[in-house]
1. Subtract the Cα-Cα distance of residue 55 and residue 82 from 0.36 nm times their separation in residues, and report this length gain in nm to one decimal.
2. GNM on the chain, C-alpha springs below 10 Å: top fluctuator among 15, 72, 139?
3. Compute the separation of the alpha-carbon centres of the range 74-144 and the range 1-65 and state it in Å as a whole number.
4. Report the percentage of all Cα-Cα pairs in the range 68-125 whose separation exceeds 18 Å, rounded to a whole percent.
5. Sort 125-135, 104-114 by the packing proxy (mean of other Cβ within 10 Å over each peptide's residues), most packed first.
6. Summing Lys, Arg as +1 and Asp, Glu as -1, what charge do residues with Cβ under 15 Å from the Cβ of residue 17 carry, residue 17 excluded?
7. What residue among 59, 67, 159 has the largest mean-square fluctuation in a Gaussian network model of the chain, using Cα springs under 10 Å?
8. Using a basic spin-label model with each label point 7 Å from the Cα along Cα→Cβ, how many nm lie between residue 167 and residue 30?
Amino acid sequence: MNNALFFVIRFLLEIAGFLFMARFLLQACRADFYNPISQGIVKVTDPVLKPLRAVVPVFRNLDFASFVAAWIIASLMLYALAAIAGNFTGDFFNVIVSGLLHVLLRFLDIFWWCILIVIIASFLAPGNPHPVLGLLRQITDPILAPARRLLPPMGGLDFSPILVILLLGVLQQILPQLFSGLY
């Protein structure tokens with residue numbers, strides 16, 4: 001029974017956290033607001049974010065209310081999963097720091113998967129105007145642009161995603177070590 005409950009809680013809270021992280025990324029990357037997927041994410045997350053924005057304001061194009069909502073959900077998920085497993089030590093600071101680490105690692109995962117999907121789509125369906133691919137390109141372009149300046153296209157091939165994926169992997173290894181000193 002605990003395994004099923006563990007799975008359901010993790011699944012539902014990961015999806016909720018993903019929606020808030022997607023909302024944060026879409027605004028941070030200035031993605032097309034009129035894209036149907038952007039509209040869906042906005043409609044789903046607005047009921048939580050509107051009251052939260054009274055406490056956590058928007059700064060330029062960074063919607064910190066979305067980030068805080070994802071952080072709260074990640075912390076609640078880690079707390080609930082530790083309680084179900086019987087591993088909760090009662091230290092809420094650890095839960096909050098672990099929730100922040102979880103959100104940051106999920107952001108890296110999102111970027112990694114977005115880059116991979118854009119790479120595959122560029123080979124299978126170049127120039128495809130699908131709304132999902134458009135959003136993924138808009139999310140990945142800000143982090144690929146500096147790498148593209150470093151590595152110009154060679155023979156029509158763009159090797160900048162390889163450099164960015166390598167850096168994302170390094171960050172995924174370093175972040176837990178940096179956070180381990182906090183708790």
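1. Working: separation 27, 0.36 × 27 = 9.72 nm, distance 2.85 nm.
That works out to 6.9 nm of additional length.
2. Comparing 15, 72, 139 in the GNM, the peak value goes to 15.
3. Centre-to-centre (Cα) distance: 11 Å.
4. 48 percent
5. Working: 125-135: 12.3, 104-114: 16.8.
Ranking, from highest mean packing down: 104-114, 125-135.
6. Computed value for this residue: 0.
7. Top of the fluctuation ranking is 59.
8. Going by the 7 Å Cα→Cβ label model, 1.9 nm.
Taken together, the values in this text are just the output of simple stated rules run on the coordinates, not laboratory data. All figures in this text were calculated on a predicted structure; none of them were measured in a lab. Positions of Cβ are backbone-derived with ideal geometry, glycine not excepted, and every protein chain shown enters the neighbour counts.
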